[in-house]
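> Sharing a structure here in structure tokens format.
The values are calculated or read from the model by the stated rules, or taken from the named source; none is laboratory data. Just so you know, these numbers come straight off a predicted model, no measurement behind them. Because the Cβ atoms are built from the backbone with ideal geometry, glycine has one as well, and the counts that use them run over all protein chains shown. Side chains are part of the model used for accessible areas, which takes the heavy atoms of the whole protein and leaves out ligands, DNA and RNA. Shrake-Rupley method; radii C 1.70, N 1.55, O 1.52, S 1.80 Å.
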Amino acid sequence: MIHENAAPHAMGYRDTTPAAVAAAAGKVRLVDVREPHEFVGELGHLAGAELVPLATVEAAAAGWDKDAELVLVCRSGARSGRAAALLTQLGFTKAMNMVGGMLAVHQARLHVER
């Protein structure tokens, strides 16, 4: 999938691009770590993304497959990077941060939902 082509990050997870995420639509788990009002707000969200606010990621991840490809998404890539680092510390092997977040998705003119 996209994990092999994602760039390694010093914190143990990998960085991927909005274009790679769009190309893998439906094949990776998308986890949006923004707040509910952001998810449905101006920037919208990626199709198929599940909303798991950053403060709830650790609890929610308790039931997730630690070897599944996970792409973390936020507004700019900062919160999703923190979530990817946390998941890596928890033993997730294919956690990825979408660099640039939803701002980069809009810049690339990729499809979003509201």
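> Select from VAL31, VAL40, VAL99 the residue whose mean-square fluctuation is largest in a Gaussian network model of the chain (Cα-Cα springs shorter than 10 Å).
VAL40
> Tell me the label-point distance for the pair VAL112, GLU42, using the 7 Å Cα-to-Cβ offset, in nm and rounded to one decimal.
Roughly 0.9 nm, to one decimal.
> Over the alpha-carbon set of the chain, divide Rg by the Kirkwood Rh and report the Rg/Rh ratio to two decimals. Could you put the intermediate results ahead of the total?
On the way: Rg = 12.5 Å, Rh = 13.5 Å.
Reported Rg/Rh, Kirkwood definition of Rh: 0.92.
> Oh, and also: Take ALA10 and ALA23, extend 7 Å from each Cα along the Cα→Cβ direction, and tell me the distance between the two endpoints in nm.
Simple spin-label model gives 2.8 nm for this pair.
> Compute the accessible area per residue over segment 28-114, keeping the other protein chains in place, probe 1.4 Å, unit Å².
Values: 4110 Å² over 87 residues.
Per residue, segment 28-114 has 47 Å² of solvent-accessible surface.
> Using Cα springs under 10 Å in a Gaussian network model of the chain, which residue among ASP67, ASP15, ASP32 shows the largest mean-square fluctuation?
Between ASP67, ASP15, ASP32, it is ASP67 that shows the largest mean-square fluctuation.
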